[in-house]
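Visitor: Pasting in a structure now, in structure tokens, and then I'll have a few things to ask.
The values are calculated or read from the model by the stated rules, or taken from the named source; none is laboratory data. All values derive from a computational prediction rather than experimental measurement. Ideal geometry is used to build each Cβ from the backbone, glycine not excepted, and the neighbour counts take in all protein chains shown.
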Amino acid sequence: MTGRPRLAVTLGDPRGIGPEIVAKTLRDARATSAADLILVGPAGVEVEVQESVGAWRSGDDPSCAGQLAGRAIERAVEMAKHGEVAGIVTAPIDKSVLLSGGYDYPGHTEMLAALTGTRVAMMLTSAEQPRGPTSPVALRVVLATTHIPLRDVATTLTRQRIMEITSTTRAALQDWFGLPSPRIALCAMNPHAGDRGRFGAEDDDVLAPAARDARIAGPFPADTVFVRAMRGEFDAVIAPYHDVGMTAIKVAAFGHAVNVTLGLPFPRTSPDHGTALDIAGKGIADPSSMIEAVLVCAAICARTSR
């Protein structure tokens, strides 16, 4: 690939802030100089699309919004599979209306895995965080389990799953982020990493053996491992469940972090927030994370094309 990469940008839920933040991204010189953006979504929103998947009319049933959002994801994946674009950037969707629109997936991550037949991992990466006057460091958090109830984590978080997530993470950090020997840590599941079984046996019986087999550090307590990563000790942290990992990254860099789906045959990124239906149509949505998502996706495409 030469020149700027072509990226498919899906508009997400047309009722939300997706079309607005995409429109604002198109006015950002950093984003438009980094990539050629091909918009995929419905006609009838505030930004003109190059790849239409139908039409949206204000007042349509919400399930129509879910259907259009799902169609846009499908079309963007087809474009990436056929080499029409080098990567995908997705605006936020509403998971409940995605379901009512006919797409039974918990979110983008699971849908992308199904459409490509791949084993994926969900990573949030921050913009670089300050660690002293001259040495910034990024926080990267990978989820070992994603959109499942907390009560199911203990049975889902197996040694095999941690090994697979680690393998996917290590390969992506090497190939997509240019880290030849990534330093990866595993976050504990229980308070104080179980405190030798006092607060649960999972960390000793499952996570610690998995970390040894995967050649990563940990498990370390959640209340310290992310701080250590932000200070530069680790290149990424694998979190055992959704909210412990998402809370860490969003406290550190909400509005500037980027969701990256690891393990796909092409890069996919998205902003770190949802549809924000409460402010949609008011013109006040912050496009910062969407802009960062474009920049990260473009940087990965540039690195992998060399």
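Visitor: Of the conditions (1) of a type in the set (Val, Ile, Thr); (2) under 21 Å from the mean Cα position of the chain (by Cα); (3) surrounded by fewer than 22 Cβ atoms within 10 Å (Cβ to Cβ), THR158 fails just one. Which one is it?
Guide: Among (1) of a type in the set (Val, Ile, Thr); (2) under 21 Å from the mean Cα position of the chain (by Cα); (3) surrounded by fewer than 22 Cβ atoms within 10 Å (Cβ to Cβ), THR158 violates only (2).
Visitor: Let me ask something else. Identify the single condition in (1) in the same structural domain as GLU202 (by TED's automatic domain parsing); (2) in contact with a helix residue (DSSP H, G or I) (Cβ under 7 Å, 6 or more places away or on another chain); (3) farther than 23 Å from MET111 by Cα that GLY232 does not satisfy, given that it satisfies every other one.
Guide: Every listed condition holds for GLY232 apart from (2).
Visitor: Restricting to region 269-305, name every residue that is in contact with a helix residue (DSSP H, G or I) (Cβ under 6 Å, 6 or more places away or on another chain) and either among the aliphatic types (A, V, I, L, M) or not in a loop (DSSP other than H, G, I, E, B) (or both).
Guide: THR269, SER270, PRO271, ALA285, MET290, ILE291, VAL294, LEU295, ALA298
Visitor: What is the residue count in region 79-92 for residues that are part of a helix (DSSP H, G or I) and either at pLDDT below 95 or loosely packed, with under 15 Cβ neighbours inside 10 Å (or both)?
Guide: Final tally of qualifying residues: 1.
Visitor: What about ALA217, is it surrounded by 14 or more Cβ atoms within 10 Å (Cβ to Cβ), among the small types (Gly, Ala, Ser), free of Cβ contacts under 8 Å to residues at least 12 places away in the same chain and on the phi < 0 side of the Ramachandran plot?
Guide: Spelling it out, it is not the case that ALA217 is surrounded by 14 or more Cβ atoms within 10 Å (Cβ to Cβ), among the small types (Gly, Ala, Ser), free of Cβ contacts under 8 Å to residues at least 12 places away in the same chain and on the phi < 0 side of the Ramachandran plot.
Visitor: I'd like to know if region 184-194 contains one or more residues that are under 30 Å from GLU84 (Cα atoms), surrounded by 23 or more Cβ atoms within 10 Å (Cβ to Cβ), touching a residue at least 12 places away in the same chain (Cβ under 8 Å) and among the hydrophobic types (A, V, I, L, M, F, W, C).
Guide: Looking for residues that are under 30 Å from GLU84 (Cα atoms), surrounded by 23 or more Cβ atoms within 10 Å (Cβ to Cβ), touching a residue at least 12 places away in the same chain (Cβ under 8 Å) and among the hydrophobic types (A, V, I, L, M, F, W, C), one finds none in region 184-194, hence no.
Visitor: Right, here's the next one. Within the set of pairs 6+ apart or on separate chains, which have a first residue in region 271-291 that is under 17 Å from HIS108 (Cα atoms) and touching a residue at least 40 places away in the same chain (Cβ under 8 Å), a second that is surrounded by fewer than 22 Cβ atoms within 10 Å (Cβ to Cβ) and hydroxyl-bearing (Ser, Thr, Tyr), and C-beta atoms under 9 Å apart?
Guide: Hits for this filter: PRO271/SER288.
Visitor: Pick from ALA298, ALA222, ALA201, ALA236: which is buried (at least 17 other Cβ atoms within 10 Å of the Cβ), of a type in the set (A, V, I, L, M, F, W, C) and over 26 Å from ALA80 (Cβ atoms)? Talk me through it step by step, then tell me what you get.
Guide: Working: ALA298 fails: over 26 Å from ALA80 (Cβ atoms); ALA201 fails: buried (at least 17 other Cβ atoms within 10 Å of the Cβ); ALA236 fails: over 26 Å from ALA80 (Cβ atoms).
When all the criteria are applied, what remains is ALA222.
Visitor: Within region 106-221, considering only helices (runs of 4 or more DSSP H) that don't extend past its boundaries, which have at least 3 residues that are among the hydrophobic types (A, V, I, L, M, F, W, C) and assigned by TED's automatic domain parsing to the domain that holds VAL77?
Guide: Once the helices (runs of 4 or more DSSP H) in region 106-221 are filtered for at least 3 residues that are among the hydrophobic types (A, V, I, L, M, F, W, C) and assigned by TED's automatic domain parsing to the domain that holds VAL77, what remains is 108-116.
Visitor: Now for a separate question. Looking at (1) among the hydrophobic types (A, V, I, L, M, F, W, C); (2) surrounded by fewer than 22 Cβ atoms within 10 Å (Cβ to Cβ); (3) without any contact (Cβ under 8 Å) to a residue 40 or more places away in the chain, which one does VAL206 not meet, given that it meets all the others?
Guide: For VAL206, the failing item is (3).
Visitor: Right, another one. Going by the structure shown, is ILE38 assigned by TED's automatic domain parsing to the domain that holds ARG15, in contact (Cβ under 8 Å) with a residue 60 or more places away in the chain and touching a Leu at 6+ places or on another chain (Cβ under 9 Å)? Reasoning before the result, please.
Guide: On the way: assigned by TED's automatic domain parsing to the domain that holds ARG15: yes; in contact (Cβ under 8 Å) with a residue 60 or more places away in the chain: no; touching a Leu at 6+ places or on another chain (Cβ under 9 Å): yes.
No, not satisfied.
Visitor: Check region 289-306 and report whether any residue there is of a type in the set (Asp, Glu) and either in contact with a strand residue (DSSP E or B) (Cβ under 6 Å, 6 or more places away or on another chain) or within 23 Å of ASP152 (Cα to Cα) (or both).
Guide: Yes, region 289-306 contains a residue that is of a type in the set (Asp, Glu) and either in contact with a strand residue (DSSP E or B) (Cβ under 6 Å, 6 or more places away or on another chain) or within 23 Å of ASP152 (Cα to Cα) (or both).
Visitor: How do the pairs read when you match residues in region 49-68 that are over 19 Å from GLY102 (Cβ atoms) with residues anywhere that are surrounded by 14 or more Cβ atoms within 10 Å (Cβ to Cβ), using Cβ under 6 Å and keeping only pairs 6 or more apart or on different chains?
Guide: Filtered contacts from region 49-68: VAL49/LEU39; VAL49/GLY41; GLN50/ILE38; GLN50/LEU39; GLU51/VAL40; GLU51/ARG75.
Visitor: Another one. Yes or no: ALA248 among the small types (Gly, Ala, Ser) and at pLDDT 95 or above?
Guide: For ALA248, the condition - among the small types (Gly, Ala, Ser) and at pLDDT 95 or above - is not met.
Visitor: Restricting to region 248-295, and then to whatever is more than 14 Å from the chain's Cα centre (by Cα) and of a type in the set (Ser, Thr, Tyr), can you tell me which residue is surrounded by the fewest Cβ atoms within 10 Å (Cβ to Cβ)?
Guide: SER288
Visitor: Further, regarding this structure: Among the residues of region 222-249, which ones are in a helix (DSSP H, G or I) and of a type in the set (Asp, Glu)?
Guide: ASP223, ASP243
Visitor: Further question: Hey, can you tell me all the residues within region 137-147 that are of a type in the set (A, V, I, L, M) and under 16 Å from the mean Cα position of the chain (by Cα)?
Guide: Our first condition is that a residue be of a type in the set (A, V, I, L, M); within region 137-147, this holds for 137-139, 141-144.
Correct list: ALA138, LEU139, VAL141, VAL142, LEU143, ALA144.
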